[in-house]
Amino acid sequence: MSKPSYGDSGCIFALATPLAESALALVRLTGSAAEGNGNDGNNLSAIQLFAKIFSRPEKILNASPNSIVHGWIIEPESSASGAMAKKIDEVLVSVYKAPASYTGEDGADISCHGGLAVIKAVTEALKKAGFREALPGEFTFRAFMNGKLDLTRAESVMELVSAKTHKGREQALRRLSGVLEKEISAVKALLVEVLAGTEIYLDYSEDEFMSASGGEESGRLPDRNLAEEAACRLKTLAELWQRERIFAEGVLAVLAGRPNAGKSSLFNYIIREDRSIVTDVPGTTRDWIDAQISVEGIPLRLADTAGLKSSPSNETMPDEAEQIGIQRSIELLGKADLVLYVIDGSKGVASEDREFIIRHNEAASGKPLLVLWNKADLAQMPACNAAGNNADADSEKLNNFIAVSAKTGEGIQSLMRSIAGIFENSSGAAEISAQNSAGPGTQRQKDLIDAALSNVEDALLLADNGEPLELIAPLFRSAVNALGEITGEVSTAEILETMFSRFCVGK
C-alpha cells in the first residue's frame, strides 16, 4: 500500500476529541468526489462514502448544507448484503457541503458516544467503508490548498488549540481572523509597487533614464518613501515577536534563595496546591519542581529549586544528593526568564544573599530579578530597602524588595503585578495590544519577516550609496518572495509537509 500524502483528495477521517472515556466523541470526515463520480469508492465524496454505513443514506445524501441528521452507524457488510442492519452507535451527523466548509470539500462531523469501544467500532466501520486515517494537520492543509485559509491563518489554528491563557487565545484569534495576513499583504503591495517602478526604470536605455529622472544619477530609487514605509512596518512586526512569544509560550520564573528561606511555601501558595514538601529542616527540596500558572494573562512556568548555599567551615558539607540539587538549581537559573530571589525576613539579609544579588546585577545579562522579603508576617521589611536610602555602598543593588508572606498572602498580588509589568514593558504589550494588532505567531513567520526587512534595509543602503538599480531590484524581489512565503503564495511541497506535520491529528 502506498503511503498517504498531503497532496491527495481522498476521503479521510480523524478523531477530533481525546481518545478517552467521555460523554461524547467527535469524528471528522472530509473528501472530494473525483471526476466521473462512479461507483468506485475512490470516486465518491466523503458524504457519499459515509452513506454506505449510515442507517438513513437518502437522508444524509439529500441533507442541506450546515444541517444535522440523526441516525445510526451500521456495519458496512450488513448494508451491502441487504440483511438487517447491524447497528454500531446512535449518532448525530453535522453535514457540510463544498465549497462552504472548513476544507472546501464535502464533509461531516459525527457526534457519537464517548466510550472507547464505541469510538473504536465507529472508526473501524469508516475504514471498512473506504476512509483512511488523516495525517496530522491534513484537514487544515486541505483548507489551505482549497483557498479557505492562507498560511498565517492555518498556523493560527494550532496556536489556538495550544493557547495557554486568554491573551494567547486572543492573539491567535486575531491571526485567524486575518489581521496578520492583511498587514503582510499591505506591506507586500508597497514593495511590489517599488519593485515595479524600479524595473520600469531598468527598461529604459541610459539616455532615456537620465531624461526621465531629470538628469539625476542612475542610483536614484523610485518610490523611496514607499520602501521606507514598508521597512518601518516590517520592523514593527519584528518587534511584536517578543510579545507574541510570551503570550504563546510563556516565561520561566525561578524561585531561588538560601535553604529554608520559604521558597517552597511561596511556591505552594502561588500555585494554590501543596506540590512542594515543606519542613523546618534546611535542604528539604533536593530537585526543582514546576507548575504552570497564568499571571494577568501571561503563561508563567514557576519553578521551586533547592536552596543555594556555600560550604563555610562552620557548616555541614552538603551531601551528594543536595549538591546535585544545587547544581540543577544553578542550571535552571541560567535558563530562567525571571529570577525570584527569596530572603528569609526573620533572619535578614545574609552575606550569601548580598553576594547573589550583586553578582546577578553585575552580570548585566538583562535577566530581570525580583527580590522577595519573605515571612513579612514575622519580620517587617527594613525601610531602607523600600526607600532606597541605605547608606551602604551597595544600597542601589539591594533596594526595592517586595515584602511577601506565604502564610498570610501579604504582597502576593503586588508580586503578580510586578511580574506582569516586567514582561508587558519588555515586549511593548501594554502599548500595542490596544491597537488590535497581531505580530508573527511562529518562528517561521518571524524569520521570513526578518529576511524581508533585511533585504529592504540593504536596498535602501545601496540607494543611499548611489549604487545602480541592477543591484537594488533583486533585493526588493527577495523581500516580496519572503512575504509571499509567509502567506503561502510562495511555497514548496516540502515546506508545507514539514509545517502541517506538526499539527495534531483532526486539525
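Some values worked out for this structure:
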quantity	calculated
Filter pass, LEU191 being under 30 Å from CYS232 (Cα atoms) and modelled with pLDDT under 90	no
Count of segment 113-143 residues which are assigned to a helix (DSSP H, G or I), hydrophobic (A, V, I, L, M, F, W, C) and either touching a strand residue (DSSP E or B) at 6+ places or on another chain (Cβ under 8 Å) or at pLDDT below 90 (or both)	7
Some residue of segment 213-235 being at pLDDT below 90 and assigned to a helix (DSSP H, G or I)	no
Any chance THR198 is of a type in the set (Val, Ile, Thr), modelled with pLDDT under 90 and in a helix (DSSP H, G or I)	yes
Which listed residue is surrounded by 17 or more Cβ atoms within 10 Å (Cβ to Cβ) and either at pLDDT below 95 or at positive phi (or both), from SER78, SER45	SER45
Residues satisfying the stated conditions in segment 457-476, i.e. touching a helix residue (DSSP H, G or I) at 6+ places or on another chain (Cβ under 8 Å) and exposed (fewer than 15 other Cβ atoms within 10 Å of the Cβ)	GLU470, LEU471
Top-ranked residue of segment 466-492 - restricted to ones that are of a type outside the set (A, V, I, L, M) and modelled with pLDDT of 90 or more, ranked as farthest from the chain's Cα centre (by Cα)	PRO474
Cβ-Cβ under 7 Å pairs, at least 6 apart or on other chains, segment 336-354 side part of a helix (DSSP H, G or I), far side modelled with pLDDT of 85 or more	GLU352/ARG258; ASP353/ARG258; ASP353/ILE343
Any hit, segment 370-384, residues being crowded, with 18+ Cβ neighbours inside 10 Å, basic (Lys, Arg) and either at pLDDT 85 or above or part of a helix (DSSP H, G or I) (or both)	yes
Test set (1) assigned to a helix (DSSP H, G or I); (2) free of Cβ contacts under 8 Å to residues at least 60 places away in the same chain; (3) closer than 19 Å to ASP150 by Cα - VAL490 fails condition number	(1)
Selection status of GLY168, touching a strand residue (DSSP E or B) at 6+ places or on another chain (Cβ under 8 Å) and at pLDDT 75 or above	yes
Verdict on SER414 being modelled with pLDDT of 90 or more, surrounded by fewer than 13 Cβ atoms within 10 Å (Cβ to Cβ) and part of a helix (DSSP H, G or I)	yes
Subset of segment 327-344 [closer than 15 Å to ASN260 by Cα and β-branched (Val, Ile, Thr)]	VAL342, ILE343
Flag if LEU195 is crowded, with 21+ Cβ neighbours inside 10 Å and free of Cβ contacts under 8 Å to residues at least 40 places away in the same chain	no
Residue among PHE13, PHE50 that is within 23 Å of GLY137 (Cβ to Cβ), in a strand (DSSP E or B), at pLDDT 90 or above and of a type in the set (Phe, Trp, Tyr)	PHE13
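The values are calculated or read from the model by the stated rules, or taken from the named source; none is laboratory data. Model, not experiment: these values are computed from the prediction. Glycine gets a Cβ as well: all are built from the backbone with ideal geometry, and neighbour counts include every protein chain shown.
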